[in-house]
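This report concerns only the one structure given below.
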Amino acid sequence: MALHCPGWILCIFCANAARETLVYSAPINTIVKKYSGAIAENYSEISSEFVQLCAEKMLASLVEVDAGSAAEEIIRGYIYQKVKTKDDGSARKLTGMFSSEFKGERSPTGTEKYVVTNFRAFLFSMRSGVKGLAPPGWQVDQVPDLDWVQEVMMRKVSVMDI
């Protein structure tokens, strides 16, 4: 039995797909294939349509709050928060002697509702001053022990992937 992708990984993949849609000129359906393929290599398969739907809803949330030119920075802040902290606010320890944050889950926690609601909660808590953006210059490649997740997020989509 294949295990399901942890919700936090699914959240940062969907968010980064949304960010890459803003930053690069590649179509979103090409970008999301990179993430759904990486998930399929490590966990139960998740369709690229699911990742695309979540990324599009994240982008729609940014339009809804009129994020404008700050949209990419807000998404980076969300990714930073998901990598650094768990949903309960405690620090995320990527490596441990007896456990791993990359371990698959028995039941799927990464539903569309979870991913989109989690992003919207961050967005509104950031706007109210509870949560902040990522430190200036922070990039996902600066996170030690992020392993294959980091590699996938740093891989650029090329014209050959279309």
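The values are calculated or read from the model by the stated rules, or taken from the named source; none is laboratory data. For clarity, every value in this text was computed on a predicted model and none was experimentally measured. When we count neighbours, we look across all protein chains shown, and the Cβ atoms used for this are built from the backbone with ideal geometry, even at glycine.
Cβ-Cβ under 8 Å, sequence separation 6+ or interchain: first residue in segment 4-19 and charged (D, E, K, R), partner in a loop (DSSP other than H, G, I, E, B) and surrounded by 24 or more Cβ atoms within 10 Å (Cβ to Cβ). Which pairs?
none
How many residues are within 19 Å of Gly137 (Cα to Cα) and of a type in the set (A, V, I, L, M, F, W, C) when one looks only at segment 31-88?
The qualifying residues number 6.
From (1) out of contact with any Phe, Trp or Tyr (no Cβ under 8 Å at 6 or more places or on another chain); (2) buried (at least 16 other Cβ atoms within 10 Å of the Cβ); (3) within 19 Å of Val51 (Cβ to Cβ), pick out the condition that doesn't hold for Lys82.
(1)
For the subset of segment 16-46 comprising residues that are touching a Ser or Thr at 6+ places or on another chain (Cβ under 9 Å) and part of a loop (DSSP other than H, G, I, E, B), which member is modelled with the lowest pLDDT?
Checked segment 16-46; the qualifying residue modelled with the lowest pLDDT is Ala26.
Taking only segment 88-128 into account, find how many residues are over 21 Å from Arg19 (Cα atoms), assigned to a loop (DSSP other than H, G, I, E, B) and in contact (Cβ under 8 Å) with a residue 40 or more places away in the chain.
10
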